[in-house]
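Undergrad: Take a look at the following structure, please.
Quick note: the coordinates plus some simple rules give every number you see, no bench work behind them. Just so it is clear, the structure is predicted and the values come from calculations on it, not from any experiment. Cβ placement follows ideal geometry from the backbone for every residue including glycine, while neighbour counts extend to all protein chains displayed.
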Amino acid sequence: MSSPSFIEHFEEVRVESARRLQAQTAKNLHALGVDDKTIQAILRHEDVGTTQKSYILTLPETVTQAMARVGRKLGPCAAPVWQIRASTMVN
């Protein structure tokens with residue numbers, strides 16, 4: 001088996017670089033708060049599932065920040081269940 005030619009190697013690098021650029025673009029857009037369907041359109045994916053599974057990583061701090069925003073909008077009724085139970089327990 002012969003080693004790949006320069007052109008073949010260049011094509012592999014170019015495809016891999018394009019994929020990395022696409023992945024980084026998706027991650028940056030997601031971090032900026034752009035919704036998944038818009039990222040899908042920008043990346044020209046047919047299915048939003050491709051965008052979500054392959055390019056968008058949900059970090060724990062993202063979930064925490066989202067829950068904090070929900071809590072601020074809903075107020076006291078959004079308190080975690082364990083806090084509600086603890087405050088309503090009778091000794």
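Undergrad: Please give the net charge around Arg20, taking every other residue with its beta carbon less than 12 angstrom from that of Arg20, where Lys and Arg add +1 and Asp and Glu add -1.
TA: Numbers: positive: Arg14, Arg19, Lys27; negative: Glu16.
That works out to +2.
Undergrad: Sticking with this one: Under 16 Å from the Cα of Lys27, which lysines turn up, not counting those fewer than eight places away in the same chain?
TA: Result set, ordered by chain and number: Lys37, Lys53.
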